[in-house]
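Structure record follows, encoded as structure tokens.
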Amino acid sequence: MARKLKTYQTSLGFFDQAIAAPSMKAALEAWGTKTNLFHQGVAKEVDDPEVIAATMRKPGVILKRPIGSNGLFKEHADLPTDLPTTEVRKGRTAKRPAKREPPRKIDDKEARQAALAFEREQRQREAERQKEEAALAKQRERRDKAVAKAQAAIEDAKREHDKRASTIEAQRAAIDKKSQAEDARWQKQKQKLEIALRRARDSRG
């Protein structure tokens, strides 16, 4: 069963914003904030029949009007032409609002229809969020695969380098061994030849 909607209002940026939602939490989510604006006193539940009627016609949709004004809440509002005065901040308006016809009261049938419309809006918003998350997940997956591939290439290259370096080191060790053996052979041969040379010189004398 669809939950009954209530109308909530806050001021963000240059606009007053109002929305029909089933709870304060749902309103905060729609406004895109994790800060509890109700606890801070900058958001409230609205009892103005005109504002309620406007939001119930478009449940789940954020309606706006220039901040500090008494204009109608709309889905697409113009920027404020005048910033709020001190009188506005004290709860009084600098301009006397024009008289309007009293809003028609919303009956139970319209309230139920508004609640159902809000749920449809929420489902659509959730579907869009899931679509965005799926796209981000695919992007992360592609990035992770690219990183893994590059990392694997580095590791393969390092293993190849280590293998070649090991082969070169073994060859160097073998050459050093041969060099040492050659030096030993030469020293031994040189010693014999020098002895033979000395004997030859001695016999000549």
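Just so it is clear, none of the values below were taken in a lab; they were calculated from the coordinates. Quick caveat, the model's predicted, so the values are computed rather than measured. Cβ: placed from backbone, ideal geometry, glycine included. Neighbour counts: every protein chain shown.
For segment 151-202, run through the trypsin sites (Lys or Arg not before Pro) and keep only the ones in DSSP coil with at most 14 other Cβ atoms within 10 Å of their Cβ.
none
What length, rounded to one decimal in nm, is gained on full extension from R140 through to S179, with 0.36 nm per residue of separation minus their alpha-carbon distance?
8.3 nm
Given R₀ = 35 Å, FRET efficiency for K192-H161 by Cβ-Cβ distance, to 0.05?
After rounding to 0.05, the efficiency reads 0.15.
Show me the ranking of peptides 140-151, 28-39, 60-71 by mean Cβ neighbours inside 10 Å, starting with the highest. Before the final figure, lay out each step's value.
Values: 140-151: 10.0, 28-39: 13.9, 60-71: 19.2.
Final packing ranking: 60-71, 28-39, 140-151.
What is the Rg over Rh value, at two decimals, for segment 121-205, using alpha-carbon atoms and the Kirkwood definition of Rh?
Over the Cα atoms of segment 121-205, Rg/Rh equals 1.80.
Given a Förster distance of 45 angstrom, what is the FRET efficiency for R172 paired with D202, based on the Cβ-Cβ distance and rounded to 0.05?
0.50
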